Structures are given as C-alpha cells and as structure tokens.
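Please read the structure below before turning to the comments.
The values are calculated or read from the model by the stated rules, or taken from the named source; none is laboratory data. In this text the structure is predicted, and so the values were computed from the model without any measurement. Positions of Cβ are generated from backbone atoms using ideal geometry, with glycine treated the same way; all protein chains shown enter the neighbour counts.
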Amino acid sequence: MKILFQYYNGGGGALENIIILLENLANEYPDDEFVIVCNAASKLNRLAHMTNVRIVVPKEFLCKELTRLQLGFWGLKSIVNKVRPDIVWSMNLGSYVRLKPVNLLSVNNAHQVYPLKDTGSHPKSKFHVILMRFFFRLSLKAADCSITQTEVVKKHLLEISPDKEVYVFTKVVDERKDIVAALPPREVIEKLNSMGGNIPMLYIATNYAHKNHKVILDALDILVRRGKKVSLILSLTEDEAINIGGEIAVRLIKRNYLCCIGWVDKSWLKYLYDFSYICLMPSTLESLSSAHLEAMAWKVPQISSNMPFSHETCRDASLYCDKSNANDWSEMIVKLIQDPVIYRELKNKAELRINEFPKGWKEVAHKYHDMFLHELNRKV
C-alpha cells in the first residue's frame, strides 16, 4: 500500500505527535510506502532517513497562503497523479477537489469545526478564520471520511457533514518507548530551583489566546497577595508572559513566583511533571490537549477549565473551574493543596483514566492501518 501524507506548513507540539505516529506506521508496515508532502523547513523532513519514506516538497509561491491555495485546487492532485498512491491523507486542510484515491482528512484544529462564535481566540483576524473555515469545508466535502481525536469534535464534524464517516483515534503519552527522557538544560533547572520552597504548579501550553494564560496569572497574583507559597511554571518566555499579564507578570517574575522556561522539548516532560505538584489546564478551546494526558500519565493532579472537551478527556480525574474566573481558580488551587484526601483521590483516578487510553503509538498506528484497509475495501 502506498500512503501519501500531506501537512503543509504544520508546526507546534501537535506535529511532534504526528511524526511519532508516522514513524510507527513506517516501522510497523515496512512493505508500505509513505510519501510525505510538506514544506522544506518542516520537521517532517526528519523522517527522510527511513527506507520506506520519501519526502516531496511542493513548489512554493509568493507566500504560504498562496502555496496552500494551489495545493488545494491543483497542486496536490498533480502530485497524486505522479505518485499514484492508494491513500491520500491530509492534516486539517486537504485537497479542495475530489481525488481518485481514498481521500482522508485528519481534523485536529478546533477553530475549523467549533461554532464560529467560539473561535474568537484565534490569533489572526476574523476574516482569516472565516477563510480557513471555508477552505476546510471544501477539504471535508472532497474527503471520503474524516479522523479526529474526541467525540466532542466528532459531534461538530457531523453537524457540518452529517453523511460523512468520522473515526475517533486519540493521541497517547508513551514516554517509555517513543521519547527518551532527558534533563532540561542547566539554565532551566536553575530557574526551577529559584522558586525555593514554593509549591510548584505547571502549565505546558503554547502562546495562543485560547490557552487562556491570563486567568491563571491573575489567580497566581491573588494567591501571592494572600500569602500562599505557590509558584507557576509556564512554557512561555518571560516576554510572552509579560505581554499577557503586564505588570502582574513582571512582579511575579521578579519575586520568583512565576517561572517562564520557554519552549519545552518532549524529552523534558517527565522531569517537569515529576517536579510539579499540581497541573493547571485553563484552555477554552481544544481538540485534545496533550497536557491533560501528560498530567494523568505522570499522576499529577490537575485543575481544568469547565468545558466539554476537558470533561471528555479527564472525566473524574480532574477538578474543574470557570474558565474566566480567577477567584474560582485560586480557591480551587487552595482546596487541592490543603486537602490530601482529594489530592490522593485525583492521583488514583488519573492512573485509572489514563489506562483507558491506548498504551502507545504502535497501538494507534495499527488502528490507523486497519482504517486505511477498511476505506480501501469500501471504495472498491
């Protein structure tokens, strides 16, 4: 079987999981051929060393938006005519026209599928979001089926296209097999140690508005003013945190209550979760956040925004707060710190809940491959 995977200009933490999935597929099915279509700077190029993987970099135009446009209308179709794959599998945006092979669309971008009123946190303009959603719907219409990570997103996909098959395949945290644990750089460890005896809280998230960092910066400020010995570790730079929190962030950084360590490599995760006492997950819009799964995998009790996606992922393995109420967050943090019974129960529930997810990316790769074969047989 020949599988063409297309993800032009994809980035962020989600891309690391995609690379691990593709690597497992290529390893588990060495007789299959994988053609990866991506831009020249993509981390997907790291897979080029595998014997059954070939990288194709499409011709780039004046900007990434124009390149994406031509890929959708004729560029990807042209590559398909040359490569002749059995499966065309795209991430978030695929072909805007029908293709002869089985055409699959993975949907991990919540801004594409949630109601438009819920997507105001996108970093670009509303016009950009409307265009993105329009072209996504062209991709969905051209696809034979779609793939997502949660039932919440599946529900939204079925509202857009009721007759389209939707598969739900979750991501996993498999720190033992796919990622070799490593110590963070010395300067990161020194920053962590500078918090002294404060209780460390952790939030691993990129600098996007829907990650809702402001509410927990405000909650931290409330706790500090109340004399609570807590510190917050963020995967932001200090400049990013100050841009979000202003003078509050400046003050918290100076007094070592706020520890900004910047981008976090996956190999550091075990160290960071082992170091932390509580995880905070205030995001307002998600497909499936790795931070929820990571906290459960390393049995660190978490507090999450009271949203359908977080309830689906964590169930009773999290406490929940109003997404915009800093007082609610500060009170729940105090409750969790001061009540050892609740803390212990959350650790136990996290272990039970994470065991309901696949045990590793190899298992997920097998599910994808079974789906490929099913869709091929269905189209014959």
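Could you look through the range 217-240, keep only residues that are hydrophobic (A, V, I, L, M, F, W, C) and within 20 Å of the chain's Cα centre (by Cα), and pick out the one that is farthest from Trp329 (Cα to Cα)?
Top of the filtered list is Leu236.
Here are Lys335, Lys367, Lys359, Lys349: which of them is closer than 30 Å to Asp32 by Cβ, basic (Lys, Arg) and modelled with pLDDT of 95 or more?
Lys367
Being within 29 Å of Glu28 (Cβ to Cβ), acidic (Asp, Glu) and in the same structural domain as Ile18 (by TED's automatic domain parsing) narrows it down to one of Glu294, Glu286, Glu312, Glu375, so name that one.
Of the residues listed, the single one that is within 29 Å of Glu28 (Cβ to Cβ), acidic (Asp, Glu) and in the same structural domain as Ile18 (by TED's automatic domain parsing) is Glu375.
Looking only at the range 28-53, filter to residues that are touching a residue at least 24 places away in the same chain (Cβ under 8 Å) and assigned to a helix (DSSP H, G or I); which one of those is surrounded by the most Cβ atoms within 10 Å (Cβ to Cβ)?
Top of the filtered list is Leu44.
From the residues in the range 314-347 that are part of a helix (DSSP H, G or I) and among the charged types (D, E, K, R), which one is surrounded by the most Cβ atoms within 10 Å (Cβ to Cβ)?
Asp328
Enumerate the pairs (first residue in the range 213-241 and outside any helix (DSSP H, G or I); second residue anywhere and aromatic (Phe, Trp, Tyr)) with beta-carbon separation below 6 Å, excluding pairs fewer than 6 apart on the same chain, so at least 6 apart or on different chains.
What qualifies is Ser231/Tyr257; Leu234/Tyr203.
Run down Asp86, Asp174, Asp163, Asp144 and say which single residue is among the charged types (D, E, K, R), surrounded by 16 or more Cβ atoms within 10 Å (Cβ to Cβ) and at pLDDT below 95.
Answer to the selection: Asp174.
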